[in-house]
1. How far apart, in nm, are two points set 7 Å out from the Cα along the Cα-to-Cβ line at ARG242 and at ASP113?
2. Within the range 69-148, report the chymotrypsin sites (Phe, Trp or Tyr not before Pro) that DSSP leaves as loop and that have at most 14 other Cβ atoms within 10 Å.
3. Using +1 at the C-beta of Lys and Arg and -1 at the C-beta of Asp and Glu, which of VAL105, VAL49, THR115 has the Cα lying farthest in the positive direction of the dipole of the range 49-162?
4. Using the Cα centre of the range 33-119 as the reference point, and only Cβ charges (+1 on K/R, -1 on D/E), how large is the resulting charge dipole? Debye, rounded to the nearest 20.
5. Counting only other residues whose beta carbon sits under 13 Å from that of LYS123, what net charge do I get with K and R as +1, D and E as -1?
6. Work out the charge dipole of the range 152-222 with +1 on the Cβ of Lys and Arg and -1 on the Cβ of Asp and Glu about the Cα centre, then indicate which of TYR164, LEU207, LEU184 is farthest towards its positive end.
7. Relative to the present Cα-Cα distance, how much length would full extension add between GLN43 and THR171 at 0.36 nm per residue of separation?
8. If you filter the range 162-240 for GluC sites (Glu not before Pro), then keep DSSP loop positions with at most 15 other Cβ within 10 Å, what is left?
Amino acid sequence: MKNNLKFIIFSLILLSACQKEVDLKIDENESKIVLNAWFKTEQHPVVEVNRSTFIFDKRGTDIIQNAEVILFENNEEIGFLEHFGSGFYQNENIKIKPDTEYKIVAKVDGFEDVTAIEKSLMKFNDSEYEFEYESFSNPAGSNYQSLSDIKITLKDNSSSEDIYLFLVKDTNKSWSNENPYDTLYNEFITYLNSSDTQIEYIYSPGLGQMQILRDELFNGNDYTINFRTNDLRKYEYSDEERSYISQNVIEIHKISKSFYLYLKSIENNQYPDPFTEPSQIYTNVENGYGILATSTVSRIEVDEFTEELNE
């Protein structure tokens with residue numbers, strides 16, 4: 001016991017002797033352009049441009065409304081993206097083509113031009129998967145919302161490295177019965193869970209928790225995955241003043257490897273281990289921060305109404 005006590009005292013002295021004061025020189029005024037874009041095949045491009053700020057600056061990133069955002073297709077300029085609010089730029093006259101290289105150049109006074117290059121993905125066809133679902137009462141009791149089980153069988157392509165991302169979105173709208181033009185639209189990502197050990201759960205700010213599956217173990221073969229989520233069926237409600245309808249949409253994405261690496265790097269920094277240093281956030285943006293991600297998506301709309309509405 002005496003020897004153990006000596007060892008503990010010696011360890012405490014050693015640890016206290018290892019302390020060292022280090023002066024860190026941090027440029028609180030350093031700032032770079034942050035460019036974020038998620039290009040989906042056959043949809044029009046939307047790009048977010050803002051400015052990074054010091055980590056303790058309560059403003060967060062600064063919105064940029066006067067950037068010059070130019071889009072290139074296979075290294076040929078195809079048009080400008082116009083600002084439409086909160087630092088977002090778009091061009092509704094352009095659609096992202098499949099299997100095409102895209103480059104974004106963003107120019108902002110006082111900063112270096114930032115550039116991002118990424119190739120779009122081939123269109124994800126309905127024939128590449130099978131979808132089934134079944135709705136049932138919540139086992140927790142009648143006071144809880146009904147649930148749905150989803151079965152998706154992927155018919156994976158052996159000629160490509162495929163990374164799948166699954167989302168369920170609740171798209172709903174409500175309107176005044178006296179004025180149908182007074183319509184409010186909302187969309188949010190809803191609960192989705194799977195017991196499949198191959199699923200990676202990744203949390204992304206703004207998107208929430210996402211489920212990702214890589215085809216490393218089943219490349220070129222069919223693979224069936226099961227999910228559980230909220231009741232997928234349509235819900236409709238109306239009273240004297242307003243009407244409301246909610247519809248769920250299942251999205252199956254194939255995403256670019258750059259997008260996957262970016263999401264993984266964010267996930268690795270969500271809850272850092274106290275004994276490890278934070279890792280670098282992945283980026284494919286030159287002279288700035290952010291990501292140009294690409295994906296191709298197949299959307300499944302569930303048109304069945306809840307049983308209560310069919311009675």
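Bear in mind these aren't lab numbers, they're just calculated from the coordinates by the rules spelled out. Quantities reported herein were computed from a predicted structural model and do not represent experimental measurements. Note: ideal-geometry Cβ built from the backbone for every residue, glycine included; neighbour counts use all protein chains shown.
1. Label at ARG242, label at ASP113, 4.8 nm between them.
2. Passing both the DSSP loop test and the Cβ count: TYR144.
3. VAL49
4. Value, rounded to 20: 320 debye.
5. That works out to +1.
6. Towards the positive end, the residue furthest out is LEU184.
7. Net length gain for the segment: 44.3 nm.
8. GLU178, GLU216, GLU240
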